[in-house]
Amino acid sequence: MDATKKQSRHESIVSAAYRLLAAKGYDGTSMLSIAKAAQASNETLYRWYGDKRGLFERMVEDNAALMKHLLETSIEKQDDPRKTLEQFSVVFLETLLDERAILLNRVAATDPTGELGRTISAKGRDVIEPLIGKLMTAIKPRQQVQEREMIRWFVSLLVGDLQIKRVIGVQPVLNRQEIVDRCQTGLAAFYRLVGVE
């Protein structure tokens, strides 16, 4: 199977998995039910992902892929870090508040073992935060602020409690303009906080 067909098949499988997770939760969704919904073989799913946890892990990686690519490309090309941060902030907030990310977090929140939450951290946050850190260092803040602290401020100012409100169903979906406006306001506050003009 060529790469294009494999990617298309992967997206069909993932789409089916999201539908079933939304309807039946993690425990109520089996690899066989995903395979049937995606019109794929059960053997293919086990060969590609190992098991249901492996598929969940891949879904988290997929969700973080655009953010990771944007940051890695910008860092490699040594783009203007402030322009990158402005572009990234919109992608970051859109991704965190997207229906797929919210569903993954809802599923993880119902897992009594904490295993799915650890997967989200390991394949999402733990991959993206070091890249954000490199960007933070490149903006050359005047304040003597630790990289980790700058990341915390950035995330707090942009996201606040929006993600958890989406997860528990009390925050409606933000449209693109609302996301852009929030990012502009959050970044302006962030730059003042770290002493960047």
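Where a number appears in this text, it was derived from the coordinates with a stated rule and is not lab data. Bear in mind the structure is a predicted one, so any value in this text is a computation, not a measurement. Cβ placement follows ideal geometry from the backbone for every residue including glycine, while neighbour counts extend to all protein chains displayed.
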- For the I164, A188 Cβ pair and Förster radius 22 Å, calculated FRET efficiency rounded to 0.05 is 0.40
- Message: Quick check: the angle from helix 81-97's long axis to the longest principal axis of the chain, C-alpha only, nearest 10 degrees?
- Response: 40
- Query: How far is the Cα center of segment 134-152 from the Cα center of segment 62-85, in Å?
  - Reply: 16
- Task: For K165, go through the aspartates and glutamates and keep the ones whose alpha-carbon is under 13 Å away, minus same-chain ones fewer than eight residues off.
- Result: D98, E99
- Once both axes come from the Cα atoms, what is the angle between helix 147-159 and the longest principal axis of the chain, in degrees from 0 to 90, rounded to 10? 70
- Degrees, to the nearest 10: 126-138 long Cα axis against longest axis of the chain: 20
- Near K134, which lysines are there with a Cα under 25 Å away, not counting those fewer than 8 places off in the same chain? K68, K77, K83, K123
- Which shape class applies to segment 154-197: rounded if a/c is under 1.5, otherwise prolate when a/b exceeds b/c and oblate if not, where a ≥ b ≥ c are the square roots of the Cα gyration tensor eigenvalues? oblate
- Query: Which of the lysines could a cross-linker span from K24 if the Cα-Cα distance has to be under 20 Å and same-chain partners fewer than 8 positions apart are dropped?
  - Reply: K36, K52
